[in-house]
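Would you mind keeping the following structure in view while I ask a few things?
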Amino acid sequence: MQSLIGTGVALITPFKTDFSVDTEALARIVDFQIEGGIDYLVVLGTTAESATLSDSEKNLVIETVIKANKNRLPLVLGVGGNNTNQIVEELKTRDLSSFVAILSVSPFYNKPTQEGIYQHFKCIAEASPLPIILYNVPGRTASNMTPATVMRLAHGFKNVVAIKEAAGDIVQAMKLIQHKPKDFLVISGDDMITLPMVLAGGAGVISVIGEGFPKEFSQMVRLGLEKNASEAYVFHYRVADAIDMIFEQGNPAGIKEVFKTLGLCENTVRLPLVTVNEELAKRIQNEVKKITNS
């Protein structure tokens, strides 16, 4: 899966001030990613506020991104949740012809055992016509998918091709890289430790901060893949403070404040999320100006 090596971004869903989907802003954001050097786009991931989108809105987002992309970059579709049968049904009925892979988050809230996580993804692997990127984010799901479970899936199903690893644990990430099958990709899902993961043998990132600063972050990942650590770390430290800021009061509230500062969309989020407070908004605005002027 060469198309998944490098920098992917988890696209937000921009909303107008009346909370409707802003398709014009979404098209602008797609162009911004492509012009900034991003390698692939992830549609309807958790950063897209998918949990608050209706089925018709999800279809609108998909159609808008496909149209704006114009086949310029590979597309990955988020298809995940905590209802295994519902995911399987979606995989069987949705038109996936415009996508190169699906990204599927480990079940949240249910807190399944490792065997439950394995059986969940086994059903998805057997149903999916596309390659699958597993997504481990225990800070949101309340359960960690262990390296042993990941390796069991990676060795057991040819279409399980990668993991977006967002445990924030560099040791766990290194264990995945050490024991993975040859062509299996370990993709960072944690912006702050993306560069160490890439230098250790990771395949890149599916990023949030990269969406706001695609030029800087994609260049960092490219240099990391080339094992040019000294130059790569220049870009890492250029955006490091911004990474902390955009997650300080929740995702995607922080990155939407970045986009508002850049003039790409409103900072509107849907409940139960709220916009960042005035103090953080001001810090983000100043940081965006600092990075874009450096």
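The values are calculated or read from the model by the stated rules, or taken from the named source; none is laboratory data. None of these values were measured; they are calculated from a predicted model. Here the Cβ is made from the backbone with ideal geometry for all residues, glycine too, and neighbour counts use every protein chain on show. Accessible surface is based on the protein model in full, side chains and every heavy atom, while ligands, DNA and RNA are left aside. Shrake-Rupley method; radii C 1.70, N 1.55, O 1.52, S 1.80 Å.
Give, as a single signed number, the net charge of other residues whose beta carbon lies under 15 Å from the beta carbon of CYS265, with Lys and Arg counted +1 and Asp and Glu -1. Write out the running numbers ahead of the final one.
Numbers: positive: LYS16, ARG28, LYS256, LYS260, ARG270; negative: ASP18, ASP22, GLU24, ASP31, GLU49, GLU211, GLU257, GLU266.
That works out to -3.
Net charge near ASN144: determine it from the other residues with C-beta under 15 Å of the C-beta of ASN144, scoring Lys and Arg +1 and Asp and Glu -1.
It works out to a net charge of +1.
Quick one: net charge of ASN85's neighbours, Cβ under 14 Å, K/R +1, D/E -1?
Numbers: positive: LYS92, LYS122; negative: GLU89, GLU90, GLU126.
After counting each charged neighbour, the total is -1.
If one puts a single equal scatterer on every Cα of segment 1-141 and applies the Debye formula without solvent, what log₁₀ I(q)/I(0) results at q = 0.10, 0.15, 0.18 Å⁻¹?
Values, matching the q order: -0.33, -0.75, -1.06.
Could you state the orientation-averaged shadow area of the convex hull built on the Cα atoms of segment 187-253, in nm² to one decimal? Present the calculation step by step, with values, prior to reporting the outcome.
On the way: hull surface 15.3 nm².
Mean projected area for segment 187-253: 3.8 nm², to one decimal.
Sticking with this structure for a sec: Take the Cα coordinates of segment 97-140, assign each an equal point scatterer, and use the Debye formula without solvent to give log10 I(q)/I(0) at q = 0.22 Å⁻¹.
Log10 of I(q)/I(0), two decimals: -0.77.
Out of segment 215-257, which trypsin sites (Lys or Arg not before Pro) are coil in DSSP terms and have no more than 13 other C-beta atoms within 10 Å?
On the way: sites: LYS215, ARG222, LYS227, ARG238, LYS256; in loops: LYS227.
Passing sites in segment 215-257 are LYS227.
Please compute, over every Cα-Cα pair in segment 60-188, the percentage with a separation greater than 27 angstrom.
Numbers: 1410 of 8256 pairs.
Counting every Cα pair in segment 60-188, those more than 27 Å apart make up 17 percent.
Mind pulling the per residue volume of the convex hull built on the Cα atoms of the chain? Å³ is fine.
Numbers: hull volume 34.2 nm³, N = 294.
Dividing the Cα hull volume of the chain by its residues yields 116 Å³.
Follow-up question, since we're still on this one. Cross-link partners among aspartates and glutamates for LYS289, C-alpha distance below 18 Å, same-chain residues fewer than 8 apart left out?
The qualifying aspartates and glutamates are GLU211, GLU216, ASP241, ASP244, GLU257, GLU266, GLU278, GLU279.
List the lysines whose Cα sits under 25 Å from the Cα of LYS180, skipping any in the same chain fewer than 8 residues away.
Hits, sequence-local ones excluded: LYS111, LYS122, LYS158, LYS164, LYS227.
If contacts are Cα pairs under 8 angstrom and at least 6 residues apart, what is the relative contact order of segment 147-240 in percent? Don't jump to the answer; show the numbers that get you there.
Details: 131 pairs, mean separation 19.9, N = 94.
Reported relative contact order: 21 percent.
Looking only at the chain, where both bridge partners belong to it, what percent of the DSSP beta bridges are antiparallel (to the nearest 5)? Kindly include the intermediate steps, with their values, before the conclusion.
On the way: 1 of 29 bridges.
Given both bridge residues lie in the chain, the antiparallel proportion sits at roughly 5 percent.
While we're looking at this one, here's another question. Using a 1.4 angstrom probe, figure out how much accessible area segment 156-202 has per residue, in square angstrom, rounded to the nearest whole.
Working: 1920 Å² over 47 residues.
That works out to 41 Å² for each residue.
Given 5 Å bins starting at zero, what is the percent of C-alpha pairs of segment 196-294 in each, up to the one with the largest pair distance?
Reading the bins upward from 0: 2, 14, 24, 22, 15, 11, 8, 3, 0.
How large a share of the accessible area of segment 166-294, in percent, is made up of carbon and sulfur atoms when the probe is 1.4 Å and the other protein chains stay in place?
Working: 2930 of 5630 Å².
Here carbon and sulfur together make up 52 percent of the probe-accessible area.
Only Lys, Arg, Asp and Glu count, each charged at its Cβ (+1, +1, -1, -1), so figure out the dipole size of the chain about its Cα centre, rounded to 20 debye. Before the final figure, lay out each step's value.
Values: 28 positive and 32 negative charges, 122 e Å.
With only Lys, Arg, Asp and Glu charged at Cβ, the dipole is about 580 debye.
Of the options TYR135, ALA25, THR47, report the single residue whose Cα projects farthest towards the positive end of the charge dipole of segment 1-135 (beta-carbon charges: Lys, Arg +1; Asp, Glu -1).
Positive-end residue among those listed: TYR135.
Here is a follow-up. Checking the cross-link filter: which lysines have an alpha carbon closer than 21 Å to that of LYS70, excluding same-chain neighbours under 8 positions apart?
LYS58, LYS215
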